[in-house]
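Below: the structure, in structure tokens.
The values are calculated or read from the model by the stated rules, or taken from the named source; none is laboratory data. Keep in mind that what you see is a predicted model, and the values were worked out from it rather than measured. All Cβ positions, even for glycine, are placed from backbone atoms using ideal geometry, and neighbour counts span all protein chains on display.
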Amino acid sequence: MLRETFDEVAELYDRVRPRYPDTLVRDLARVAGLGPDSRVLEVAPGTGQLTVPLAGFGCRVTAVELGPAMAAVARRRLREFPLVDVEVADFERWPLPDEPFDLVVCATAFHWLDPVVRVTKTAQALRPGGRLAVVTTDHVAGGTTEFFHRSQPYYRRWDPATPPGLMLRDESEVHADTGDLERAEGFRDVTVTRYFQDITYTADEYIEVLLTYSGHRALDDGARHGLLGDLRGLIESDFAGTVTKRYLHEVIVATRG
């Protein structure tokens, strides 16, 4: 399964994947009313990109991570927070505890969960009035947009499955899919809030980021080596050695009815 490929590069993933904007974290904590008495369930925490700042609010966090290597890195990063427990399990099969949670959060991973299970089970995990927060991350037009458009012939060369004419979308064209939550009997008051961040990468840094993406890891060794070599050459020859990527984070919050 593609979602299991992240565990192969846990240390790299932890080092190069972007953290979430401080404003996003503060707003989420405010909406959820996080404090020392709060109980939080994080689904698919990875190596703790969101877990660490949430733990800083003093709440009790249970983080359920599929990959043992990812979980090991998360435990290391969270060792100063004794109220955080990182468990290795498939969330869809993980038995929910008897005591419900005040917040269930899943950052940049909700799409990997079984759609038949994810909404129902997160609702079951929450107390009435508790919140589900789903964080999505998209790459949108902005930053060095020209590089990303000029890179497409290389993707088509090395990965024939690349759709023709693939271009970065403007932020106005990207909309969070809230349909499942709006239709669910267990949730109400669905809201979406947007956050942006631009990150500039050297050629080496950008290649490292790509090595943590499931689609790039799924390529055979020859195709991956060829693609990354072409991308590195383009950055170094035509973009003075750096590119800037614009990230759009959307936070979907739903209240347990």
- prompt: Given 32, 55, 89, 10, which one is in contact (Cβ under 8 Å) with a residue 60 or more places away in the chain and either among the acidic types (Asp, Glu) or more than 25 Å from residue 204 (Cβ to Cβ) (or both)?
  reply: 32
- line: Restricting the stretch 50-72 to residues that are assigned to a strand (DSSP E or B) and not hydroxyl-bearing (Ser, Thr, Tyr), the one surrounded by the fewest Cβ atoms within 10 Å (Cβ to Cβ) turns out to be 60
statement: Considering the stretch 190-203, residues that are part of a strand (DSSP E or B), in contact with a Ser or Thr (Cβ under 9 Å, 6 or more places away or on another chain) and of a type outside the set (Val, Ile, Thr), and then whichever is farthest from residue 245 (Cα to Cα), we arrive at 195
The one condition in (1) assigned to a helix (DSSP H, G or I); (2) of a type in the set (S, T, N, Q); (3) modelled with pLDDT of 95 or more that residue 47 fails to fulfil: (1)
Criterion violated by residue 123 - all others in (1) part of a helix (DSSP H, G or I); (2) in contact with a Lys or Arg (Cβ under 9 Å, 6 or more places away or on another chain); (3) small (Gly, Ala, Ser); (4) under 16 Å from residue 247 (Cα atoms) satisfied: (4)
Residue satisfying all of: in the stretch 79-120; in contact with a helix residue (DSSP H, G or I) (Cβ under 6 Å, 6 or more places away or on another chain) and not in a strand (DSSP E or B); surrounded by the most Cβ atoms within 10 Å (Cβ to Cβ) among these: 119
- line: Restricting attention to the stretch 7-35, the residues that are part of a loop (DSSP other than H, G, I, E, B) and surrounded by 14 or more Cβ atoms within 10 Å (Cβ to Cβ) number exactly 7
query: Pick from 155, 206: which is in a helix (DSSP H, G or I), farther than 29 Å from residue 115 by Cα, in contact (Cβ under 8 Å) with a residue 60 or more places away in the chain and of a type in the set (Ser, Thr, Tyr)?
result: 155
Restricting the stretch 158-172 to residues that are in contact (Cβ under 8 Å) with a residue 24 or more places away in the chain and in a helix (DSSP H, G or I), the residue that is surrounded by the most Cβ atoms within 10 Å (Cβ to Cβ): 158
field: Every residue from the stretch 195-224 that is surrounded by 13 or more Cβ atoms within 10 Å (Cβ to Cβ), of a type in the set (D, E, K, R) and within 19 Å of the chain's Cα centre (by Cα)
entry: 205, 208, 217
